[in-house]
Every structure is written in C-alpha cells, then in structure tokens.
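The values are calculated or read from the model by the stated rules, or taken from the named source; none is laboratory data. Worth saying up front: this structure is predicted, and the values here are computed from it rather than measured. Here the Cβ positions follow ideal geometry from the backbone for every residue, glycine too, while neighbour counts run over all protein chains shown.
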Amino acid sequence: MSYEKEIYHGMEHGEVKNNFPVDYTSVGFFYAAQPLQGREEPTAELRTVYQPTEHIYFPQLMQLSLGGGVQVTNERGIRMTTQHGGVVRIMLNDVPEGKYKVLINYFEKPNGADFQVWQRQKQLSGWISTKKDKEVSKDRVHVGDINLTEQTNSVTFHVRNNNGGDQFELGLIILERIKE
C-alpha cells in the first residue's frame with residue numbers, strides 16, 4: 001500500500017464505540033526506495049504499552065457460575081430471579097492485577113430483590129434494595145474496592161427475595177483502577 005506522508009489503520013472492537021477492553025500489539029515495517037540516512041533508537045517512552053484505567057464487563061460476555069437458589073436469564077442484562085435467595089459468581093478475567101473500584105449498573109423496579117457483593121470471603125457491600133415503585137436505571141454505583149489477583153479474579157452477587165421482589169437485574173460491571 002503506497003502513501004505519501006502517513007497512514008491510519010483502525011480496528012473496531014466491541015458492540016458500540018469500541019467498548020470492549022482489548023490489548024493489541026502491532027509492528028509496522030517501512031520499506032524505502034533507498035537506505036535511510038539516520039535512524040532513531042527506540043526509547044522507553046516509545047515502548048510504553050497503554051494500560052486502560054477502566055475495564056467494562058458486558059452481560060453477554062460475563063462468565064457465570066451459579067451457586068444455587070437462583071435462575072439467570074440474559075436479556076438487557078443479567079437477570080437473577082430467586083424464590084428465597086441465591087448466589088451468582090462472575091469471573092473478572094483478562095484484567096491486570098491491582099486494586100480497583102467496583103462500579104455496577106443495575107435496575108431498580110417494583111419486583112426488585114436485594115443484593116450484596118462479595119469477593120471470595122470478603123464482603124464488599126451491605127444489602128442493597130432494588131425494589132422501587134417505578135423502574136429506574138442506576139449507573140456507576142460504587143459497591144466496594146477489590147484487590148485483583150489470579151486467585152481473586154471474581155465477584156459474587158448474593159441475591160435475596162424482598163417481600164415479593166424476586167429479581168436483581170445487573171447491567172454492567174466496571175472496574176476502575178485505583179492509583180497506588
């Protein structure tokens with residue numbers, strides 16, 4: 001492909017606006033008609049790999065493990081329905097180790113259940129009710145901080161029935177890196 005000054009190459013990833021976290025590495029080769037007169041040595045700045053500060057998990061791509069007592073459907077989000085109570089574990093794979101704020105998007109609604117969030121044996125949030133008179137989308141609600149490692153790369157949602165409110169509907173999980 002010939003060009004005069006520069007070339008741009010873009011790759012779409014994710015459903016909308018490149019909203020899927022990925023890590024691409026590429027190499028470009030330039031073949032000149034004649035040998036270059038000088039050369040530029042790669043510096044540390046030129047070799048720096050960009051690490052995003054925010055990682056978003058979409059419901060369609062979440063890896064789930066059901067702990068019993070809950071039914072899960074994937075519609076506009078992960079809908080967890082329970083008669084009494086149950087748990088759903090969600091894996092947080094492919095994110096660099098470190099400390100993160102856990103933010104979630106969910107729906108409050110007339111049949112909303114209660115939920116709390118755990119990371120293994122560590123409770124991140126108290127019980128949060130999603131039962132409201134009319135449906136409202138709650139965005140970027142901070143439910144706790146986690147230290148993500150290879151052994152602690154999941155969160156668990158405990159869901160319980162709230163006087164007939166039997167559904168918790170999770171939209172997104174957002175991990176926002178905490179600067180150390």
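At a glance:
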read-out	value
Residue identified as touching a helix residue (DSSP H, G or I) at 6+ places or on another chain (Cβ under 7 Å) and farther than 16 Å from S137 by Cα among N74, N93	N74
Qualifying positions in the range 111-134 - of a type in the set (A, V, I, L, M, F, W, C) and part of a strand (DSSP E or B)	F115, V117, W118, I128
Considering residues of the range 135-180 that are part of a strand (DSSP E or B), free of Cβ contacts under 8 Å to residues at least 40 places away in the same chain and not charged (D, E, K, R) only, the residue farthest from K101 (Cα to Cα)	V136
Strands (runs of 3 or more DSSP E) contained in the range 1-102 and holding at least 2 residues of a type outside the set (A, V, I, L, M, F, W, C), touching a strand residue (DSSP E or B) at 6+ places or on another chain (Cβ under 6 Å) and at pLDDT 75 or above	54-57, 71-74, 78-81, 85-91
Leading residue by the ranking (nearest to the chain's Cα centre (by Cα)) among those in the range 125-180 that are acidic (D, E) and under 18 Å from I78 (Cβ atoms)	D139
Verdict on Q83 being farther than 21 Å from S129 by Cα and loosely packed, with under 12 Cβ neighbours inside 10 Å	no
The range 88-100 - residue that is more than 10 Å from H55 (Cα to Cα) and under 11 Å from the mean Cα position of the chain (by Cα) and, of those, surrounded by the most Cβ atoms within 10 Å (Cβ to Cβ)	I90
